[in-house]
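K.L.:
Okay, handing you the structure first.
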Amino acid sequence: EPMPEPIVLATPAEMSAWSRQALQAGKSIGFVPTMGALHAGHKSLMDRARKENDLLAVSIFVNPTQFGPGEDFERYPRSFEADAQLCAEADVDAIFQPTPQDMYAADARTFVEVGGLQDVLCGLSRPGHFRGVATVVAKLFAIVRPARAYFGRKDAQQLRIIEVLSRDLHLGVTIVPCEIVREPDGLALSSRNKYLSPAQRKQAVCLNQALAHAQKRVAAGEKDAMALIGKMAELIEQAAPDAEIDYVAIVDMQTLQDVAAVSGGCMAALAVKLGNTRLIDNMRL
Ligand code: PAF
């Protein structure tokens with residue numbers, strides 16, 4: 001039997017009205033915020049949210065404030081028809097698809113910063129990125145008013161920042177981390193994988209391979225973070241001559257600070273550029 005099509009809500013006022021009605025009816029809202037270009041990773045978030053809530057809302061909004069000058073805001077893939085199709089298959093109730101003008105008043109003055117966590121790892125090479133993410137997620141939570149929101153672990157720093165944001169601002173949204181979905185060769189799914197040439201796509205598996213190697217060494221007793229980091233960098237440089245390493249790090253998953261010795265609660269995280277495409281991945285150790 002065909003699923004009912006999701007309702008598409010184009011303005012914050014329409015989305016808020018839908019949520020208000022749902023909450024008045026005593027229904028819980030599960031929320032998956034996205035920038036569209038949906039793939040099986042997003043689908044896994046939707047499937048989990050579908051199971052755990054009465055209603056499921058998905059936002060599709062390429063958020064301008066999280067892109068820096070010279071980044072890929074203009075060319076970020078936009079594919080509303082395919083996205084709406086995937087949402088229908090995931091039994092989504094509401095798609096929120098606002099315009100930048102609706103989300104940001106021309107004289108908007110309020111931005112959200114999550115001190116300390118936003119300036120490390122990806123924040124070092126993408127200044128302002130997490131300020132944009134935290135700001136738009138705070139806005140989306142205020143509009144959608146979900147009980148739970150679902151985020152992939154691939155963006156581990158984003159996930160941690162949003163957990164702290166929701167706690168610190170008492171937003172009352174339970175943040176649900178979801179496992180990374182990978183291609184058969186191990187590459188983590190990302191909308192940006194579309195940018196890779198066939199040669200780059202082959203080399204991109206080096207991110208996952210370096211992380212898996214570190215995980216294996218840790219399982220075998222290695223604790224020295226510098227030794228593990230050195231080996232990961234070496235593996236990437238050998239496997240992918242086109243790779244330009246942004247960072248390879250081993251950090252505490254709560255504080256995102258570097259550790260000298262691996263213990264429970266650490267992850268290896270890395271960012272690598274292949275041509276113009278910046279890929280990230282991570283693994284718990
Ligand atoms: O992970 C993303 O797709 C975006 O950063 C998010 C959380 C939708 C905010 O724009």
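K.L.:
With (1) away from the ligand (no atom under 16 Å from the Cβ); (2) in a helix (DSSP H, G or I) as the list, and residue 193 as the residue in question, which single condition is left unmet?
P.N.:
Only one criterion is unmet by residue 193, namely (1).
K.L.:
Got at least one residue in segment 63-71 being surrounded by 15 or more Cβ atoms within 10 Å (Cβ to Cβ), within 16 Å of the chain's Cα centre (by Cα), not in a helix (DSSP H, G or I) and not basic (Lys, Arg)?
P.N.:
yes
K.L.:
Would you tally the residues in segment 133-149 being near the ligand (Cβ under 10 Å from one of its atoms) and under 26 Å from residue 283 (Cβ atoms)?
P.N.:
Summing the residues that are near the ligand (Cβ under 10 Å from one of its atoms) and under 26 Å from residue 283 (Cβ atoms) in segment 133-149 gives 4.
K.L.:
Could you pull out the residue among 98, 77 that is in contact (Cβ under 8 Å) with a residue 40 or more places away in the chain, under 21 Å from residue 135 (Cβ atoms) and within 13 Å of the ligand (Cβ to nearest atom)? Give the steps one after another, and end with the answer.
P.N.:
Working: 77 fails: under 21 Å from residue 135 (Cβ atoms).
Criteria check complete, one pass: 98.
K.L.:
Any residue at all in segment 179-190 that's among the acidic types (Asp, Glu), within 16 Å of residue 156 (Cβ to Cβ) and free of Cβ contacts under 8 Å to residues at least 40 places away in the same chain? So that I can check it myself, show each step before the final result.
P.N.:
Filtering segment 179-190 for residues among the acidic types (Asp, Glu) gives 179, 183, 185.
Narrowing further to those that are within 16 Å of residue 156 (Cβ to Cβ): 179.
Checking which are free of Cβ contacts under 8 Å to residues at least 40 places away in the same chain leaves us with none.
For segment 179-190, residues among the acidic types (Asp, Glu), within 16 Å of residue 156 (Cβ to Cβ) and free of Cβ contacts under 8 Å to residues at least 40 places away in the same chain: absent.
K.L.:
State which residue is nearest to residue 115 (Cα to Cα) when the search covers only segment 165-175 and only residues that are of a type outside the set (Ser, Thr, Tyr) and surrounded by fewer than 18 Cβ atoms within 10 Å (Cβ to Cβ). Please lay out each step first, then the result.
P.N.:
Taking segment 165-175 as the starting set, the residues that turn out to be of a type outside the set (Ser, Thr, Tyr) are 165, 167-173, 175.
From the residues that got through so far, the ones that are surrounded by fewer than 18 Cβ atoms within 10 Å (Cβ to Cβ) too are 167-170, 172.
Working: 167: 14, 168: 11, 169: 13, 170: 16, 172: 20 Å.
Filtering segment 165-175 for residues that are of a type outside the set (Ser, Thr, Tyr) and surrounded by fewer than 18 Cβ atoms within 10 Å (Cβ to Cβ), the one nearest to residue 115 (Cα to Cα) comes out as 168.
K.L.:
Could you say which residue among 168, 119, 83, 155 is more than 13 Å from the ligand (Cβ to nearest atom) and either in contact (Cβ under 8 Å) with a residue 40 or more places away in the chain or more than 27 Å from residue 248 (Cα to Cα) (or both)?
P.N.:
Details: 119 fails: either in contact (Cβ under 8 Å) with a residue 40 or more places away in the chain or more than 27 Å from residue 248 (Cα to Cα) (or both); 83 fails: more than 13 Å from the ligand (Cβ to nearest atom); 155 fails: more than 13 Å from the ligand (Cβ to nearest atom).
Only one candidate passes the filter, namely 168.
K.L.:
A further question on this structure: For segment 105-137, give me the residue count where each residue is hydrophobic (A, V, I, L, M, F, W, C), part of a helix (DSSP H, G or I) and surrounded by 19 or more Cβ atoms within 10 Å (Cβ to Cβ). Full working, then the answer.
P.N.:
To start, the set of residues in segment 105-137 that are hydrophobic (A, V, I, L, M, F, W, C) comprises 105-106, 108, 111-112, 114, 117, 120-122, 124, 130, 133-134, 136-137.
Filter again for part of a helix (DSSP H, G or I), leaving 122, 124, 130, 133-134, 136-137.
Going one step further and asking which of them are surrounded by 19 or more Cβ atoms within 10 Å (Cβ to Cβ), we end up with 122, 130, 133-134, 136-137.
Qualifying residue count for the region: 6.
K.L.:
Across segment 23-57, what is the number of residues that are among the hydrophobic types (A, V, I, L, M, F, W, C) and surrounded by 21 or more Cβ atoms within 10 Å (Cβ to Cβ)? Steps first, answer last, please.
P.N.:
Step one: filter segment 23-57 for residues among the hydrophobic types (A, V, I, L, M, F, W, C), giving 23, 25, 29, 31-32, 35, 37-38, 40, 45-46, 49, 55-57.
So of that shortlist, the ones also surrounded by 21 or more Cβ atoms within 10 Å (Cβ to Cβ) come out as 29, 31-32, 38, 45-46, 49, 55-57.
Residues meeting the conditions: 10.
K.L.:
I've got another one for you. So, in segment 266-282, of the ones that are part of a strand (DSSP E or B) and out of contact with any Lys or Arg (no Cβ under 9 Å at 6 or more places or on another chain), which residue ends up farthest from residue 212 (Cα to Cα)? Even if it seems obvious, please write down each step before you answer.
P.N.:
Step one: of segment 266-282, the residues part of a strand (DSSP E or B) are 266-274, 277-282.
From what is left, the residues that are out of contact with any Lys or Arg (no Cβ under 9 Å at 6 or more places or on another chain) are 269-270, 273.
Values: 269: 11, 270: 12, 273: 19 Å.
Looking at residues that are part of a strand (DSSP E or B) and out of contact with any Lys or Arg (no Cβ under 9 Å at 6 or more places or on another chain), I get 273.
K.L.:
Could you identify the single residue in 95, 162 that is crowded, with 20+ Cβ neighbours inside 10 Å, part of a helix (DSSP H, G or I) and on the phi < 0 side of the Ramachandran plot? Let's see the steps before the verdict.
P.N.:
Details: 95 fails: part of a helix (DSSP H, G or I).
Matching residue, one of 95, 162: 162.
K.L.:
Oh, and also: When only residues in segment 252-285 that are within 19 Å of the chain's Cα centre (by Cα) and of a type in the set (D, E, K, R) count, which is surrounded by the most Cβ atoms within 10 Å (Cβ to Cβ)?
P.N.:
Per the criteria, the residue is 281.
Rule-based calculations on the coordinates, nothing more; no lab input. Only a predicted model underlies this, so the values are computations on that prediction, with no experimental measurement involved. Virtual Cβ from ideal backbone geometry, glycine too; neighbours counted across all protein chains shown.
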